[in-house]
1. Residue by residue through region 187-193, what is 3J(HN,Hα) from phi via Karplus (6.51 cos²θ - 1.76 cosθ + 1.60, θ = phi - 60°)? Round to whole Hz and write x for glycine and proline.
2. Once the Cα gyration tensor of region 475-544 is found, what semi-axes does its equivalent ellipsoid get, as square roots of 5 times the eigenvalues, in whole Å, sorted largest first?
3. Sorted by packing (mean other beta-carbon atoms within 10 Å per residue), highest first, where do 142-155, 86-99 land?
4. From Cα coordinates alone, what are the radius of gyration and Dmax values for the chain in angstrom?
5. Within region 223-243, whose backbone N sits under 20 Å from a point 7 Å along Cα→Cβ of Asp409?
6. Rounded to the nearest 0.05, what FRET efficiency do Glu370 and Gln465 have when you use their Cβ-Cβ distance and R0 = 56 Å?
7. Sequence-distant or interchain residues sharing an amide H contact under 5 Å with Gly402, placed H: which?
8. Would you please give the residues with an amide H less than 5 Å from that of Ser543, counting only those at least 5 places away or on a separate chain, with H modeled from the backbone geometry?
Amino acid sequence: MEFIILAEVFKKMEETSKRLELTKLLVDLFEKTPHELISKIVYLIQGKLRPDFEGIELGVGEKLAIKAISKSSGIPIKRIEEDYRKVGDLGHAASIVLEQKTQTTFVVEDITIERVYDTLYKIATLDGPRSQDMKMKYISSLLNDANPLEARFILKILLGILRLGIAENTVMDALAAAYTGTKENRALLEKAYNVSSDLGKVAEVTAKKGLDGIKTFQVTVFNPIRPMLAERVKSEKEAMEKMGNKFAAEYKLDGERAQIHVKSNAVKLFSRSLEDITRHYPDIVEKIPKNLKVNDAILEAEVVAINEDSGEYLPFQELMHRRRKYKIEKAVSEYPITVNFFDLLYLDGKSCLEVEYTKRREMLQKILSENEFAKLVPMTVVQNDNEIEDFLENSINSGCEGLMLKMLDASYKAGARGNSWLKLKREYKNELGDSIDLIVIGAFFGRGRRTGKYGTLLLASYDDQNDTFPSICKVGTGFTDEDLDQLYQLLQDKVTLKKNPRIDSEMEADVWLEPELVLEIMASEITLSPIHKTAMNAIRKNSGLALRFPKFTGKLRLEKTPEDASTTQEIIALYKGQRKVIQNQKQI
Ligand code: ATP
């Protein structure tokens, strides 16, 4: 299939922000795509080559790309850099440059989707001393045969700046409509996606085998499962209203969630956002198989840094030292950990997702031999608010964040946040001191000491019903000078020319950012706002919700994707809870 077909669809997608239009463009594209190509197209649309957990990244820098453009067009590097500066996007600059090509070239080979994908894949997997030269050769050979529009999108994918604003949910809507005749079958596709975390594979099976194929998706070791998430509650009373009068309470440890896959003695670890984090934890890889009486299994645990002398849990930030690229062994001995198991998702050839909580916990207990390194998360069954309160107290005294409350007869709902798991943190009880996780969508340049950096950021919540990021506040306090430096660096490659279509904001920022980075924010209050778009019209007509006196807590939530940030529904619940408190206080 010719790449120009895809490039033209990409161009149209860049020009619209309406989800319905994007879905329609996708349906039309899928309908003309040969089945064996569908997975590749689904990855490319998301600017990827394979699912995230495989860790295949293109990693081509701007300098190399500019050299390759120069080589294939005969135009000097300086001029390309000038065009780049003018238009601010190297993909766009390449298409301008190629229009003015001085070299006459003849097309050696047609630009097909297969060729582009295979070449990009080769580039991503090249390694070794000559890899830069080889990368350049591959890129310039593609650019040599590409027309300006094709070159624009090839470069955007290569540089990781293809931003079409298409969410996974939109892809699933379009797949269901194109291959099963109706969008209503989306739920089945979502189920397959939840156990495979591979949208390309879901697309391929849907295209080739339809719904019968989709129903055969199974949990597989070394293929991460999308994690089950919890709703937050503010009080023991609210928990009992939601869960009845008998449920499990577990300590909520403050570490990194790890999905641990084991087969014989081979181990792989995936983070909460399903990134392969095996290399950060060689100690888990080495020790855990000895703690488990299994052939193969998928388990969930919270990895927590500890002080080995006192046995105390240390805060989550300590684990960030494990994220380094080199000298991992040094970090392993300097930052010891414990692995605290709380769930079992697969055991010896069988999925446990449909098994109820009590039974899963029993099985987990049976297969795990506990020691200093590997433990079961403390759990007790509670039946009234005093028992919850006591266990919460114990948990906080042991250095944990609070409690996870789990329904005894609930299955494991992969990829969902629901009422079968609740989280109760001590801070939630203190209504206005609550922290929330928000997405950075825009930035404003600083003045005075902050000149040359961003001084204020524009933040959004996640509206999971519309799959958008509505603005909620500007934040300029709580940042140290180091925070501002680090944020400026982190946000540099997220700058976009055009506001991402999923951003919903009336307020204009100096720069728009790709909605990716999640920050933890405290605020004094949630108020109605005519400007901010979070929960627009939900509480009052023509009003949204905004944070009053927001402040950065110092915590970057790098393990969270933007879809994991606080949702609009959560903000509405916090707003309503807060009003109750204010009213109660007034009555007193
Ligand atoms: P938070 O911001 O509160 O850590 P989250 O959005 O990362 O929450 P939630 O599902 O809302 O995820 O809360 C559960 C999180 O708490 C898990 O992702 C996990 O990392 C952590 N956790 C700690 N102890 C437990 C436990 N016993 N059971 C489940 N999750 C636990």
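The values are calculated or read from the model by the stated rules, or taken from the named source; none is laboratory data. None of these values were measured; they are calculated from a predicted model. When we count neighbours, we look across all protein chains shown, and the Cβ atoms used for this are built from the backbone with ideal geometry, even at glycine. SASA here: full protein model, heavy atoms, side chains in, ligands and nucleic acids out. Shrake-Rupley method; radii C 1.70, N 1.55, O 1.52, S 1.80 Å.
1. 4, 5, 5, 5, 4, 4, 5
2. Working from the Cα gyration tensor, I get semi-axes of 25, 18, 9 Å.
3. Values: 142-155: 22.6, 86-99: 19.4.
Peptide ranking by packing, descending: 142-155, 86-99.
4. 25.2, 84
5. It comes to 239-243, nothing else.
6. Given R0 = 56 Å and the Cβ-Cβ separation, E is 0.85.
7. Long-range HN contacts for Gly402: Lys252.
8. Asn537
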